[in-house]
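Following: one structure in structure tokens, then a few remarks.
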Number of protein chains: 2
Amino acid sequence: MLQAPPPAIASTASTIRLRRLGIDTYQEPVVYMHRDCHVCHSEGFEAQSRVEVTLGDHHIVATLNVVSGAFLSPDEAGLSEAAWRLLGAGDGDVATLRHPAPLESLGHVRAKVYGRRLTATAFDAVIADVAAGHFSDLQLAAFVTACAGDALDLQETISLTRAMVNVGERMTWSEGLVMDKHSVGGLPGNRTTMVIVPIVAACGLRMPKTSSRAITSPAGTADTMETLAPVDLDVAQIQRVVERTGGCVVWGGAVRLSPADDILIRVERPLDLDSQGQLVASVLSKKAAAGATHVLIDMPVGPTAKVRSAHAAQLLERQLEQVGKALGLQVRVAQTDGHAPVGRGIGPALEARDVMAVLRRDPSAPTDLALRALQLAGQILEFGGAARADEGLHLATAVLDDGRAWRKFEEICEAQGGMRVPPVASQRQPVMAQRSGSVVAIDNRRLARTAKLAGAPKIPCAGIDLHVQVGEFVERGQPLFTLHADSPGALAYAAEYAASQPDTIHVIEDA
Amino acid sequence: MLQAPPPAIASTASTIRLRRLGIDTYQEPVVYMHRDCHVCHSEGFEAQSRVEVTLGDHHIVATLNVVSGAFLSPDEAGLSEAAWRLLGAGDGDVATLRHPAPLESLGHVRAKVYGRRLTATAFDAVIADVAAGHFSDLQLAAFVTACAGDALDLQETISLTRAMVNVGERMTWSEGLVMDKHSVGGLPGNRTTMVIVPIVAACGLRMPKTSSRAITSPAGTADTMETLAPVDLDVAQIQRVVERTGGCVVWGGAVRLSPADDILIRVERPLDLDSQGQLVASVLSKKAAAGATHVLIDMPVGPTAKVRSAHAAQLLERQLEQVGKALGLQVRVAQTDGHAPVGRGIGPALEARDVMAVLRRDPSAPTDLALRALQLAGQILEFGGAARADEGLHLATAVLDDGRAWRKFEEICEAQGGMRVPPVASQRQPVMAQRSGSVVAIDNRRLARTAKLAGAPKIPCAGIDLHVQVGEFVERGQPLFTLHADSPGALAYAAEYAASQPDTIHVIEDA
């Protein structure tokens, strides 16, 4: 038996000079250290170790990449852009590195993976660690996967939503109603928000709208709005915009209303996974934190939309209403037609073009987008008491037709920092009908994928311009849609995929 | 409607000079490109893009990190160590970069996440893409998580196992029996294999043993054996060793018997997730590929072992036998006592020390390890017909006692490349009993975790040396175990955790 006396224990933390390496790891904090670095040796760090980096009041947990190349010296620690930003570091700052405390909340993640129910306390622990950046990307992926589909029940969804609200910022408003809306997505081009907000605000109801960037779609409302005006506003700026104009359309992520959700989304996006519980928590945590009192949910239902059946819609509707009630929100769900894309553009700039056409009453404006926006705006006007029952649509239409909505939209864009002209793609290529006949179906998922392959939403000008609608007759060789991209590579990539999926726009020869 | 003629499409691939950056990303292939790089622009690549890199006959799919720092020039692409190795690149080589084909098999992963059953074709597609390195770490994490727990049924497990065998190398042997064994793990220090193989080989049965490195435990057999002899042998080398000596103990990962499993394991390890289906597929795919005809499975059962109940053991046993049958393997399961660690050492070098003591009949050798190994060796001798029923244990004991097993082990180590002396830890610290009384339980999971925090299995000398057994009486202040590490930081980290879990070795004051 080994009975040697223990050696004296050295400090369990080491200090080292920081260097900004300028490596964009897509928000995962990574620390780079040379394999001959004294901190690696004294602390026993190795590739993939989780390392706690402390600088003043800031501390992060980063994944270690060990470097043997000459670009990093053994007496410095390089940081990825995300790590640099989260730490608020400056070149030459000296940070303290140590082993992070073991992540006890991972036990809850494992329990969920194995199919067990989690308590509110468990969600609080997981979400606090997620928001604090203590989870690695792999651990985030496991949590997101374990919660995917219908793995969370009602009580778990309420717990997750509350946990998300608790770790974020909150907006507070003076007395009175605060209207909000959300579309559960899955329908390319469904940019009604940017039409609804100016209509509702023009009718005197307050509507501070925080929107998300795309998760699995080719554009989120924040991505689209950003091609027309700044959307990265802080809470004080948002409050000024809403005081002055009655409404806004800003990016919710910039105000950290639900920072845990923002972190989960960055893993959900490349995995392209949907989760009913996470969807409800994501939507309602942000609405609660934004101080909303009334939330209308636009839920497109269709075979290739995000919600594919009346049954799935009903389940989701009940969860949204019940979780909303638990959080003190009045939630109404409007099931809408989700069979075909809305508008013509798919991708931030192309969708912005459609929105502008509707607001400016351009004769070429897509009528489906206008009608859908008017119906939802009408419901919000009724929900908030600005219109009597069954008179909302009429009021909304009048406000759009007489130009008040357009003027309100210009006012909001100016208040947010000034109106912009959306970018235009340098690379375009039409995709032609392979036969003459009738368009019997449009596959939203494949269209969305094609637009993403072309570069949307990261490249704002990229996407698809759709030229046909379901029911229309087309001639062989007629363009069905045009691909937009800003590089020949991305254009070719999208075109190749489109060519491999000839039935994305399904044309059947007439008998 | 936009009807402009399409511009000519440039090539969908670009070439660029490669540079080895020497960044160890723990086997994820990563490509680093400057944000001003012409390939990023022409192809539309962005942070986290998946990029196909082709060099001669080799091609990989890597994750892109965009660099704005000065250490990388815009006319070169840096590669992580994993990417460099997989491509077989040399500095200055010019590679072709393009968008990879969309990963259709991800649709199957999503289906599994949502709880659907996968067909054999689906598993073939997923596993082929995994083995080819087409999955990112996030995607691997989603697949591993979706298959965790009991998410795979019998038919799915058979399909997964076959798919894994199909993408790997295979070993073939001349006529006759080929014995093999596997321990499902979860019991620290359970290094019976290194005792069993020389006994069985000394009795004339062929036993080419490929072992794994640790997945979630502080040491795998390959990690332990490596402190005594080289284990990274290729198929031809293994065949020579076995022809000459009748046995071997080598690392299975080096021969790519189940390369998809090796890739999944690198994600399973940090996630610390168990999956019954993946466990069965992992074990049996390697046995089938190694050319085994008879496989004995050592399954320790106990409240803190990997298999925790008789019921769980029964389910796993039936799956192992049925999947084995489907793959043409005779599988027998030996349920063994999984209540306490086996031997005294936990960690590669400390476990090797115990094995050596048993083989050399050192009076201080841990008798539990010796007895467990003899019982399993006896069963294999009976299973393979080298001993009559109920005479296996007797034969095994005789072969160990008369030194034939030790001589055979030396012979095997020499044939594998030469015997070595295991490394010894520079940092040690005992953990004392807080009270006097009887040891009523030892928590394997917490002990394993403590050993891992000390650095095992990556640091071979790190781990735990256990000084007490269940049932033993201890005095307050007596050392229960000693922590071994090679850095003060890791030692302190493990000691801190051990102090926070005082009941890892549960001592109850005698009444």
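No value in this document is a laboratory result; all are computed from the given coordinates. Note that the structure is predicted; figures quoted are calculated from it, not measured. A quick note on method: Cβ atoms are made from the backbone with ideal geometry, for glycine too, and the neighbour counts reach across all protein chains shown.
Provide the percentage of antiparallel DSSP beta bridges, counting only those with both residues in the protein assembly as shown; round to the nearest 5.
55
Applying the Karplus parametrisation 6.51 cos²θ - 1.76 cosθ + 1.60 with θ = phi - 60° to the phi angles of region B:220-234, what ³J(HN,Hα) value in whole Hz is obtained for each residue in order, glycine and proline being reported as x?
Computed from phi, the couplings for region B:220-234 are x, 4, 5, 4, 5, 4, 4, 6, 10, 6, x, 10, 8, 9, 8 Hz.
Once Rh is set to the Kirkwood radius over Cα pairs, what Stokes-Einstein translational diffusion coefficient, in µm²/s, holds for region B:1-153 at a temperature of 37 °C and a viscosity of 0.692 mPa s?
193
Return the whole-Å distance between the Cα centroid of region B:343-402 and the Cα centroid of region B:98-124.
Using only Cα atoms, the two centres lie 44 Å from each other.
Relative contact order for chain A: what is it in percent, counting Cα pairs under 8 Å that are at least 6 residues apart?
Relative contact order, chain A: 14 percent.
Could you tell me what fraction of 2.2 N^0.38 Å the Cα radius of gyration of region B:79-207 comes to, as a two-decimal ratio?
1.42
For a distance above 24 Å, tell me the whole-number percent of Cα pairs in region A:258-383 that qualify.
39
For region B:343-438, what is the convex hull volume of its Cα atoms per residue in Å³?
142
Just add up the charged neighbours of A:SER174: K/R +1, D/E -1, any other residue whose Cβ is under 15 Å from the Cβ of A:SER174.
Once all neighbours under 15 Å are counted, the net charge is +2.
Which of rounded, prolate or oblate describes region A:151-263 when judged by the alpha-carbon gyration tensor and an a/c cut-off of 1.5?
Here region A:151-263 falls in the oblate category.
Out of the DSSP beta bridges found with both residues in chain A, what percent are antiparallel (nearest 5)?
55
Considering all alpha-carbon pairs of region B:308-371, what whole percent are spaced by more than 20 angstrom?
50
Compute the relative contact order of region B:427-508 as a whole-number percentage, counting only Cα pairs closer than 8 Å that sit 6 or more residues apart in sequence.
In percent, rounded to a whole number, it is 48.
Pairs B:LYS181/B:LYS286; B:LYS181/B:LYS408; A:LYS112/B:LYS306; A:LYS209/A:LYS408; A:LYS181/A:LYS325; B:LYS112/B:LYS286: which exceed 21 Å Cα-Cα?
Pairs exceeding 21 Å: B:LYS112/B:LYS286.
Over region A:376-430, one equal point on each Cα, no solvent: what is log10 I(q)/I(0) by the Debye formula at q = 0.17, 0.23, 0.24, 0.26 Å⁻¹?
-0.69, -0.86, -0.89, -0.95
B:LEU400: net charge of surrounding residues, Cβ under 13 Å, Lys/Arg +1, Asp/Glu -1, itself excluded?
+3
Return the equivalent ellipsoid semi-axes of chain A as a descending list in whole Å, where each equals the square root of 5 times an eigenvalue of the C-alpha gyration tensor.
43, 28, 23
For region B:427-508, how big is Rg over Rh, using alpha carbon atoms and the Kirkwood form of Rh?
Rounded to two decimals, Rg over Rh is 0.97.
In vacuum, with every alpha carbon of the protein assembly as shown counted as one equal point scatterer, what does the Debye formula give for log10 I(q)/I(0) at q = 0.06, 0.07 Å⁻¹? Two decimals, please.
Log-scaled intensity ratios, in q order: -0.50, -0.67.
What is the sum of charges around B:LEU466, taking Lys and Arg as +1, Asp and Glu as -1, for the other residues whose C-beta is under 14 Å from the C-beta of B:LEU466?
Counting the neighbours of B:LEU466, the net charge comes to -1.
For region A:13-98, report the translational diffusion coefficient in µm²/s to the nearest whole number, using Stokes-Einstein at 4 °C, 1.567 mPa s, and a Kirkwood Rh over Cα pairs.
Diffusion coefficient, whole number: 106 µm²/s.
Using the number of other C-beta atoms within 10 angstrom as an exposure proxy, rank A:HIS467, B:HIS311, A:HIS59, B:HIS99 with the fewest first.
Ranking A:HIS467, B:HIS311, A:HIS59, B:HIS99 by Cβ neighbours within 10 Å, fewest first, gives B:HIS311, A:HIS59, A:HIS467, B:HIS99.
Compute the relative contact order of region B:113-198 as a whole-number percentage, counting only Cα pairs closer than 8 Å that sit 6 or more residues apart in sequence.
39
In whole Å, what are the Cα extents of region A:106-166 along the three principal axes, biggest one first?
Answer, in whole Å and largest first: 26, 25, 18 Å.
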